[in-house]
Structures are given as structure tokens and as C-alpha cells.
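Below: one structure, written as C-alpha cells.
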Amino acid sequence: MTSPGSARTYGFGVVGCGVIGPRHAEVADALPNARFVACTDIIPDRAKALAEAHGGDFEPDLEALLSRDDVDVVSVCVPSGLHAEVGVQAAEAGKHLVVEKPIEISLVAADRLLGAVKKAGVKMTVISQHRFDPGLVELRQLLEAGRLGRLVLGDARVKWYRTQAYYDSGDWRGTWALDGGGALMNQGVHYTDLLRWCMGPVDEVMALTAIQAHKMETEDLALAVVRFSSGALGTLEASTAVFPGFRERLEISGTEGTVVVEDGRIVVREFVSEHGDVGLYGARVGSEGQDAAASGASNPAAISNDAHASQISDLLAAIDEGREPLMTGEEARNAVELILAVYESARCRGPVSLPLS
Ligand SMILES: NC(=O)c1ccc[n+]([C@@H]2O[C@H](COP(=O)([O-])OP(=O)(O)OC[C@H]3O[C@@H](n4cnc5c(N)ncnc54)[C@H](O)[C@@H]3O)[C@@H](O)[C@H]2O)c1
């Protein structure tokens, strides 16, 4: 998890100290080549509490945090529609960036951030921590080795549950202006990224969205049918209205087999080549069981820090080695583009082609 041979210790500044900001401070504390240095929030008491808990400094505003020479990396943990506003300033101050998901809520804002990072010559990763889950690491290896053959179908499901109190807990949650969408943009972006990562670029989307169980501006249910550039088809489903919240699931099928990932672990791994007895009607599925692990399905605070730590560690290794991180800003933009295509299709009640203009 550490960058091997790294001589440097990176100082972290956290901007936004709500639900996820403290995770970034914890990860910085836990990694051997990182340390939490300072934080800021427009609600000063939140930043003061975080600074106190981790032995760092509270800064009154972003400018003060960015002016510190001991802050090398800024974790952008503010509401999604403010990622570019904070991230651009941090990049211009010469700081490397860990930006929470999604990269931003519009392609214009995402491109502004990508442009600033490029101009400043700093490194950025956008959190998609489930790429670092063991099941995804293995699935990607299987895909790269061609073990699934030609891909035919990819399905991503995030059937989670959030109460009305969750949406009422922050005035940005469930708004177009700052959340940029609902269940798909906020919760579903993780598995949207994984689906796009495994299946490749998307040509066309047809979608429906609805508000089923909450008082909110944006959707708590999104369903989409997707045609990938490869010719494979897929579905994308995201909800925060499904009680009690189920493990998120990714199913990838090719001509040579199927892999199913649930909650970051492979639960089905079936290859044609390993079934001696495939008859006219397929073969019996031999699924692996898994115990009920902590999942973000019903409680976002239940997520472990391991995958965040792996992703942030990879960013530090990328800085040390002068390479791009495993999760780039451009790939994070791909996930947002797909989500925006889903919203556009639902709005116009018809198919939407990608890339979006
Ligand atoms: N990777 C994950 O699993 C995960 C989980 C939760 C949230 N997130 C992402 O993290 C981001 C924050 O979500 P959250 O749930 O922590 O939200 P939150 O509302 O709990 O926290 C956001 C914090 O940012 C502060 N803030 C707002 N504007 C600010 C500004 N201009 N400068 C400084 N501070 C500002 C708020 O006061 C608040 O304390 C979102 O983009 C969300 O999508 C990611």
C-alpha cells in the first residue's frame, strides 16, 4: 500500500470536513509516507474538531490552507458541485489533488479542473476507491488476460437506501446545483465508473429516472440500457429507495465466461473452459459464498478506509515515479459523461449518443 522506496512524506490538507473529509485525514495518518497537516471548512467548528482529533492545524479559509508550504496534497471533500472551484485554486497553488467523486457535476466544470491540473503540472486522482477492491483488481486482470472472451453484457446495480433525513442532512444533497443529480450521480457513480472501466466506451444510452420515495429535486431511481462501442450491451441501475439497501453488484459476461462482483468481492467466477460438461443449456453455477461484511449499502459511514488508502497511496507513488495515477481525472470524466447521458435520455425520452457535445 505504500509507494516502495518513497523518501518523501507528503503533507495533506483537507478541504471540507463533513462525512468524508475525516476519512482523508485518517488515511493520511495511516500511510507511512503521508501525514495530515491542516484542514478548513466553511463551518469552522467542523474543521477545528477534525484538526484537534488528528493533531493538525485548523485554517480559517482555503487561501490560508493553500499558502502553507507543508501542504503538498489537497483532499477536495466539499459538495460535488464545488470540486472545480476548490480544485482549480489548489492546482494553481501547486498542490497535488485527491478529489472526491464525482470529479464534478458538469463536463464544463470537469474540463476546467482537468485544464488547471495540466497547466500547473500537478497530479490528480479522483476517488473511485472500488477500483482497488480485491474483486475488481482480479476482474481487471481476467479481462486483460482475455479470460472472458469477447464481452457481450455488463450490468451494474447499486440498490441502496437513504432516508429522507439523509437528504435533509445537507442542503446540497439531492439538488441539481450541487449534487448534480441523485442516486446515480452521487451513489451510483462508483459502479458507473467500474462498468465503464470494464466494458469500455459507450456509444448510446436509453434511460428512465424517477423520484420514488423522497422529497428531493433529483432522482432516487435511475435505470439505463447502454450500448458499448464494442457492440456489447449493458444496464445501469442506481437507487437510494430500495430498503434496506443491498450489496452493489457488477456482472460482466463474455463469450468465454462470467464474473460477478458483489460489494468488492468476486462471488461468481465461471469460465467455459473450466466446465467439462457444457451442454445445450449451459452449466450449473458454482458460486462462492461470502459473509455479511460492512457495506455502504445502508450506511455510508460503514465504508472501510482500505480502498481509499490504496488509491491515495497510488497517487503518492505516481508523484514519486512521475507517472499518471491508476485512476485519472479523464477516466472520472468518462463516468460523469455517462451519467449526464442517462439524465439527458430520461429528460428527452429517447436515445442519447456519446460523446456528448
Ligand atoms: N468516496 C466515497 O465513498 C464518498 C462518500 C461520501 C461522500 N463522498 C463525496 O465527498 C464529497 C463531500 O460529501 P460529504 O458527504 O462529506 O458532504 P458533507 O456535506 O458531509 O461535507 C461537506 C463539507 O464541506 C464543507 N464546505 C462546503 N463548501 C465549502 C467550501 N467552499 N470550502 C470549504 N468547505 C466547504 C461543508 O461545510 C461540509 O462540512 C461529495 O462530493 C461526495 O460525493 C464520497
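Please work out which one of (1) surrounded by 18 or more Cβ atoms within 10 Å (Cβ to Cβ); (2) among the acidic types (Asp, Glu); (3) not in a loop (DSSP other than H, G, I, E, B) is the condition residue 104 fails and give its number.
(3)
Yes/no per residue for (1) of a type in the set (Val, Ile, Thr); (2) within 13 Å of the ligand (Cβ to nearest atom); (3) touching a His at 6+ places or on another chain (Cβ under 8 Å):
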{"site": "21", "(1), (2), (3)": "no, yes, no"}
{"site": "25", "(1), (2), (3)": "no, yes, yes"}
{"site": "34", "(1), (2), (3)": "no, no, no"}
{"site": "38", "(1), (2), (3)": "no, yes, no"}
{"site": "50", "(1), (2), (3)": "no, yes, no"}
{"site": "53", "(1), (2), (3)": "no, no, no"}
{"site": "56", "(1), (2), (3)": "no, no, no"}
{"site": "60", "(1), (2), (3)": "no, yes, no"}
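Which one of these does residue 323 not meet: (1) at pLDDT 95 or above; (2) exposed (fewer than 11 other Cβ atoms within 10 Å of the Cβ); (3) not acidic (Asp, Glu)?
(2)
Kindly evaluate residue 115 against the criterion of being free of Cβ contacts under 8 Å to residues at least 12 places away in the same chain and not in a loop (DSSP other than H, G, I, E, B).
Numbers: free of Cβ contacts under 8 Å to residues at least 12 places away in the same chain: yes; not in a loop (DSSP other than H, G, I, E, B): yes.
Here the answer is yes, as residue 115 does meet what is asked.
Hey, any hits in the stretch 75-83 for a residue that's under 30 Å from residue 343 (Cα atoms), out of contact with any Asp or Glu (no Cβ under 8 Å at 6 or more places or on another chain) and among the small types (Gly, Ala, Ser)?
no
Out of the stretch 62-88, which residues are part of a helix (DSSP H, G or I) and either near the ligand (Cβ under 10 Å from one of its atoms) or within 23 Å of residue 173 (Cβ to Cβ) (or both)? Before you say what the answer is, go through the steps one by one.
Filtering the stretch 62-88 for residues part of a helix (DSSP H, G or I) gives 62-66, 80-88.
If the condition is that a residue be part of a helix (DSSP H, G or I) and either near the ligand (Cβ under 10 Å from one of its atoms) or within 23 Å of residue 173 (Cβ to Cβ) (or both), then 62, 65, 80, 81, 82, 83, 84, 85, 86, 87 are the ones that fit.
Among the residues of the stretch 131-174 satisfying the criterion of being under 30 Å from residue 231 (Cβ atoms) and of a type in the set (Lys, Arg), which is nearest to the ligand (Cβ to nearest atom)? Talk me through it step by step, then tell me what you get.
Within the stretch 131-174, the subset under 30 Å from residue 231 (Cβ atoms) is 131-159.
Checking the rest, the ones that are also of a type in the set (Lys, Arg) come to 131, 140, 147, 150, 157, 159.
On the way: 131: 11, 140: 19, 147: 29, 150: 32, 157: 17, 159: 16 Å.
Result: 131.
Return the residues of the stretch 175-218 that are within 16 Å of the ligand (Cβ to nearest atom) and either in a helix (DSSP H, G or I) or of a type in the set (Lys, Arg) (or both); say none if nothing qualifies.
Across the stretch 175-218, the qualifying residues are 183, 184, 185, 186, 187, 189, 190, 191, 192, 193, 194, 197.
The values are calculated or read from the model by the stated rules, or taken from the named source; none is laboratory data. Owing to the predicted nature of the structure, the values given are computational and were not obtained by experimental measurement. Note: ideal-geometry Cβ built from the backbone for every residue, glycine included; neighbour counts use all protein chains shown.
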